[in-house]
Amino acid sequence: MNLSTIDIAIFIVYVLGLLALALYISRAEKNHERNTKDYFLASKSLPWWAIGASLIASNISAEQIIGMSGSGYVLGLAIASYEWMAAITLIIVAKFFLPIFLKNEIYTMPQYLEQRFDSRVKTIMAVFWLAVYVFVNLTAVLWLGGLAITTITGVDLAYGMIFLGVFSIAYSSYGGLKAVAYTDIIQVVLLVFGGFMLTYISLDLVSEGQGVFAGFSILTETMPEKFDMIFSSDSPHYANLPGISVLVGGMWIMNISYWGFNQYIIQRALAAKNLAEAQKGLAFAAFLKLLVPFFVVVPGIAAAVLFTDLDRPDEAYPSLMNLMPVGLKGLVFAALVAAIVSSLASMCNSVSTIFTMDLYSKFKQNESQTHYVKVGRIVSIVSLVIAMICAKPLLGSFDQAFQYIQEFTGFFTPGIVVIFILGMFWKTMNSNGAILAAVGSAALSFALKFWLPEVPFMDRVGIVFLACVALAVVASYATRASHIDGHKGVVSLDTVDFRTKPSFNALSVAMILILAALYATWW
């Protein structure tokens, strides 16, 4: 094993401490039987700082740290656009989407679709999200997490994945979202601190002991192509990040879908004490997103100098961890595992929420609240087992798992964004238009992928989005006279208050100015 006794001891302290904290949080309230609101929405009691920290901890996982660092190894800082554009997206979601969702008092995204459209749309999207979370997100996190454990400790990949699955279930299944959200505060502090320590040591190694700033200067001087934020059309990486489309094209669709309509992300905001707390939580998360590239992507760029012959780009981050001194390696390893199990716990909780509340409860309508909570726990375990079995067959042949995730989800996200955006802000949109947008998104994306493979996937996302808008509009107009929707179950926009506090508005302006400065520096 590559971990010393001290490293292992630090890691064990972290594991035991997290389990103890989760157990304490889960047992905090004994005055009533735990119901679905307690388990799936943390009793709607989360403060802004827990929401923001949990959003980041859930987002920054194995596919984010290892996968994006691997993309940094190949593509450079340009991959940071996913993070920096996400910061603005979070502000948009907080301003325009959260007021609608919280006003409708929903548990899940499919539940909103049922209220706005009908059960057909709800069921289609619920099944879709369950499939994506289990066969794409969970498998990616387990695979890359297991790969990291194998690289660092020498433990067999299968045992690494089993450990991650058991650990995440052990601290999250009993307490539900509340246990996940509050332990995420510890997780995010640990992963940010550990990430920046890795950046510090990596840059110091690049400069051969001359310091962080010297190391960063060496990177910008010796590998200037790694600091191009916008690729030109003749760049070998243009297909991955197609120039200006990163700022005005398909990436917006990807980010809006992920941060606005993704159950395991938005569920934290749905569990807020109130709208103001939810909005502050998303603003807090947005500022944290600005930091992510500096402790995830920059180490990947440094690895391109320190390790010129890696077999796979996704080995960059684990390889850097092996250079850490005794003690610090255990801390950074704990930070990486913290990110992995946090995301696993969040995804499993969301899978169980969607399955239980949107599918199972419709067939078993008269069961007790305790029964639904028990079903949710069982679903969490089953989803992890399925993901473990499918991880290697699905991901074993991909060099950059982060790009795989973006490519696959890009087939469906245009339709998702069309359904929600038009559903929320256009009264004429009906379920026929929604279903056609969903089916059209998958069909058009696959068609363009195989018939016009030279079109960059992000441009394809933008093209399919516009096509799905047209399909939804035509279908809705064509069937509006004969089709009756269930949108009467949705609160009217006239009763939704979109006003935000001056502090939130000031944070939004500051965010835009910071991003403008970052892109101006590394255009």
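The values are calculated or read from the model by the stated rules, or taken from the named source; none is laboratory data. Keep in mind it's a predicted model, so treat the numbers as computed, not measured. So basically every Cβ, Gly included, is an ideal-geometry build from the backbone, and we count neighbours across all protein chains shown. We work out accessible area using only protein heavy atoms, side chains counted, and drop any ligands, DNA or RNA first. Shrake-Rupley method; radii C 1.70, N 1.55, O 1.52, S 1.80 Å.
Scanning segment 60-85 for residues that are assigned to a helix (DSSP H, G or I) and among the hydroxyl-bearing types (Ser, Thr, Tyr), which turns out most open to solvent (accessible area, probe 1.4 Å)?
Only one residue fits best here, namely Tyr73.
Taking the conditions exactly as written (of a type in the set (Val, Ile, Thr) and in a loop (DSSP other than H, G, I, E, B)), does Ile230 satisfy them or not?
Working: of a type in the set (Val, Ile, Thr): yes; in a loop (DSSP other than H, G, I, E, B): yes.
So Ile230 passes the test.
Keeping to segment 131-148, report how many residues are at pLDDT 80 or above, more than 15 Å from the chain's Cα centre (by Cα), crowded, with 23+ Cβ neighbours inside 10 Å and among the hydrophobic types (A, V, I, L, M, F, W, C).
Of the residues in segment 131-148, 1 are at pLDDT 80 or above, more than 15 Å from the chain's Cα centre (by Cα), crowded, with 23+ Cβ neighbours inside 10 Å and among the hydrophobic types (A, V, I, L, M, F, W, C).
Being touching a helix residue (DSSP H, G or I) at 6+ places or on another chain (Cβ under 8 Å), at pLDDT below 85, over 20 Å from Asn262 (Cα atoms) and surrounded by 23 or more Cβ atoms within 10 Å (Cβ to Cβ) is the requirement here; does Ala22 meet it? Don't jump to the end; show me each part of the working.
Numbers: touching a helix residue (DSSP H, G or I) at 6+ places or on another chain (Cβ under 8 Å): yes; at pLDDT below 85: yes; over 20 Å from Asn262 (Cα atoms): yes; surrounded by 23 or more Cβ atoms within 10 Å (Cβ to Cβ): yes.
Answer is yes for this residue.
For residues in segment 328-369 being assigned to a loop (DSSP other than H, G, I, E, B) and more than 25 Å from Ala22 (Cβ to Cβ), which is farthest from the chain's Cα centre (by Cα)?
For segment 328-369, the residue satisfying everything is Asn366.
If we scan segment 161-177, do we find a residue that is of a type in the set (Gly, Ala, Ser) and over 25 Å from Ile25 (Cβ atoms)?
no
What number of residues within segment 444-462 are within 25 Å of the chain's Cα centre (by Cα) and either open to solvent by less than 30 Å² (accessible area, probe 1.4 Å) or closer than 16 Å to Ile256 by Cα (or both)?
Looking only at that region, the number is 8.
Quick check on segment 270-318: of everything there that is open to solvent by 10 Å² or more (accessible area, probe 1.4 Å) and acidic (Asp, Glu), which residue is nearest to Val155 (Cα to Cα)?
Step by step, filter segment 270-318, then rank; the result is Glu315.
Counting only residues that are part of a helix (DSSP H, G or I) and under 17 Å from the mean Cα position of the chain (by Cα), which one in segment 91-110 is farthest from Phe420 (Cα to Cα)?
Ile91
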